[in-house]
Amino acid sequence: MLLELALAASLQQAVPQEAPQIMAALTHETVEIREDFAGTELILYGATRGLTIQDEIVVVLRGPDQDLRVMQKRRSFGIWVNAQAQEFDGVPAYYSIASTRPLEEIATSEALIRNDIGLPQLLVQAYADRLNDLEAIEAPAEDSEPTGADLSEYFAAVQRAGAREDLYSAAPRGVDVLDGGLFRATLALPPRTPVGNYTAEVYLFREGRPIASRSTSMRVEKAGIERVIYEFAHGAPMIYGLLCVALAMLAGYAAAAMFGRR
Amino acid sequence: MQIYLPIAEISVNIFLLLGLGAGVGFLSGMFGVGGGFLMTPMLMFIGIPPAVAVSTEANQIVASSASGALAHWRRRTLDPKMGGLLLIGGSAGSIFGVQLFSFLRGLGQIDLIISLSYVSFLGIIGGLMLIESVRAIMRRRQPEERREGGRGGHRKRTWIDALPFKMRFPRSGLYISVIPPIAIGFFVGTLAAIMGVGGGFVMVPAMIYILRMPTNVVVGTSLFQILFVTGLTTFLQASQNQTVDVVLAMLLTVGGVVGAQFGARAGRHVKGEELRALLAFMVLAVCLKLGWDLVVTPSDMFVVLPRGGEVGH
């Protein structure tokens with residue numbers, strides 16, 4: 001991609017015009033999840049230099065990676081059972097795209113794939129990564145390899161599951177171009193926003209090719225009492241467990257004392 | 001008002017949780033059951049991950065059984081020796097159940113096993129309870145002299161009496177083998193870990209019909225065993241799977257304690273047999289709902305699960 005950008009930049013030099021540039025900043029460097037967290041909105045502000053009327057802007061916000069297992073339901077003995085697992089390594093737990101126009105109008109799918117934009121491409125990679133991992137350890141599993149059509153159903157399932165929780169979203173007109181080459185994108189973080197590191201990539205597309213890009217990052221983290229409890233539960237699980245039991249016993253005893261006398 | 005649960009990692013309405021606690025507490029106070037079999041499916045229904053629902057419900061049952069067990073301890077309507085044996089089996093069962101839970105979660109089959117366990121146990125127990133209470137209601141309508149007909153005489157000898165390692169249980173007035181109590185305890189402990197229930201609905205009938213304990217010590221002894229087994233389950237789930245959400249447990253407990261008081265008062269106005277029949281219908285309704293969900297064609301033919309022990313998505 002760098003090579004391509006360099007190439008694009010060198011082509012631009014032939015024209016007596018400044019090389020296009022793009023800059024971006026998020027309204028938050030960290031988003032804190034507190035006890036009243038029910039989702040929030042992030043605004044990404046940006047500026048471009050050399051923006052022309054045909055140029056388009058694409059903003060991608062990508063959350064932390066997670067490993068997934070996707071299973072297809074099969075009916076056996078009359079009930080639906082999870083079967084036929086496919087595994088994925090490093091699927092973003094959050095992924096949203098905002099753009100000035102629908103993506104398919106901005107660039108061909110080949111151009112998007114080349115620049116790693118779009119969830120389908122990431123899923124193909126995540127699946128390949130897992131397959132490589134498995135082959136490194138041992139020979140691939142004995143059950144028959146799924147065909148391309150089958151696999152695309154698994155990819156679609158991951159996207160559906162994410163979309164249900166608003167973790168995967170696309171806003172085809174979510175980027176507003178303001179005066180003087182400034183732009184603004186609104187990105188929604190749903191109630192189930194996972195904690196971790198996020199990166200926002202902004203791309204300036206001209207004639208179906210990215211001619212400039214910039215990335216910025218932020219963190220989503222638990223804060224306040226939520227963080228204290230979470231870290232306690234994971235840092236000292238045994239003491240946490242004992243405390244949970246003690247608290248419950250105390251609550252039961254208090255209830256008996258309060259209501260028992262009447 | 002939304003509250004973000006730190007371990008379940010979702011945001012839920014606080015009044016929904018308090019109301020759920022109070023509603024299930026009301027029913028459990030009215031019927032004298034733990035209510036875990038209602039609460040765990042409800043928690044999953046509102047979107048709490050199954051692993052967190054099961055572990056957290058075990059924690060709430062600690063609170064709800066503590067006050068009951070305490071009351072029975074004071075009234076001496078509790079057989080500590082029998083409770084101790086049940087507890088030995090229960091502890092082993094709980095440890096086994098938590099391991100099994102982790103293993104099944106790794107396979108991606110935990111939801112199915114939880115549902116299947118619910119359907120089969122609720123179906124059997126609900127069905128038996130319904131038959132029993134309908135018979136009792138019918139009997140009550142019959143003339144006085146025929147009512148006592150089936151009772152009396154010596155207790156029949158069963159295969160239970162043939163087992164070795166016999167022990168005396170003065171409080172229950174029994175002289176039986178230690179194997180059945182330990183086996184029942186183990187079984188109930190495993191259920192507690194997998195289903196997020198106290199297991200009273202299995203243990204009480206088992207104590208009456210298999211161990212033939214006198215009914216006045218059955219409930220107290222059952223609560224005693226449930227208190228310790230759910231306590232151990234909570235501890236194990238917290239230390240091994242980090243799936244106990246203390247905020248969720250406390251909210252449910254606050255609602256549950258208040259609900260149970262009103263439920264207990266409401267229960268006094270209903271006759272025992274009718275109460276049992278009502279409870280049987282409720283158990284069967286939960287069973288049918290869960291069974292229906294297993295059979296009906298799912299809206300999404302795929303499930304996306306996190307890999308490697310992480311909770312959520």
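The values are calculated or read from the model by the stated rules, or taken from the named source; none is laboratory data. None of the values given here were measured: they were computed from a predicted structure. Backbone-built Cβ (ideal geometry, glycine too); neighbour counts: all protein chains shown.
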Test result for A:TYR45, closer than 25 Å to B:LEU112 by Cβ, among the hydroxyl-bearing types (Ser, Thr, Tyr) and either in the same structural domain as A:GLY208 (by TED's automatic domain parsing) or under 19 Å from the mean Cα position of the chain (by Cα) (or both): no
Subset of the stretch A:68-85 [touching a Pro at 6+ places or on another chain (Cβ under 7 Å) and either more than 7 Å from chain B (Cβ to nearest Cβ) or not aliphatic (A, V, I, L, M) (or both)]: A:LYS73, A:TRP80
Only listed residue being within 14 Å of another protein chain (Cβ to nearest Cβ), surrounded by 20 or more Cβ atoms within 10 Å (Cβ to Cβ), in contact (Cβ under 8 Å) with a residue 60 or more places away in the chain and not hydroxyl-bearing (Ser, Thr, Tyr), chosen from B:LEU211, B:LEU294, B:LEU227: B:LEU227
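The rows are residues; the columns are (1) in contact with a His (Cβ under 7 Å, 6 or more places away or on another chain); (2) part of a helix (DSSP H, G or I); (3) modelled with pLDDT of 85 or more; (4) within 30 Å of A:ARG209 (Cα to Cα).
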position	(1), (2), (3), (4)
A:ILE117	no, no, yes, yes
A:GLN121	no, yes, no, yes
A:TYR127	no, yes, no, yes
A:ASP133	no, yes, no, no
A:ALA136	no, yes, no, no
A:GLU145	no, no, no, no
A:ASP150	no, yes, no, no
A:ALA170	no, no, yes, yes
A:ASP176	no, no, yes, yes
Extreme residue, surrounded by the most Cβ atoms within 10 Å (Cβ to Cβ), among residues of the stretch A:214-226 that are at the interface with chain B (Cβ under 8 Å from one of its Cβ atoms) and over 22 Å from the mean Cα position of the chain (by Cα): A:GLU226
Scan of the stretch B:55-89 for residues that are away from every other protein chain (no Cβ under 14 Å) and out of contact with any Phe, Trp or Tyr (no Cβ under 7 Å at 6 or more places or on another chain), ordered by number: B:ARG76, B:THR77, B:PRO80, B:GLY84, B:LEU85, B:LEU86, B:ILE88
The lone exception for A:ILE239 - which of (1) assigned to a helix (DSSP H, G or I); (2) more than 10 Å from every other protein chain (Cβ to nearest Cβ) it fails: (2)
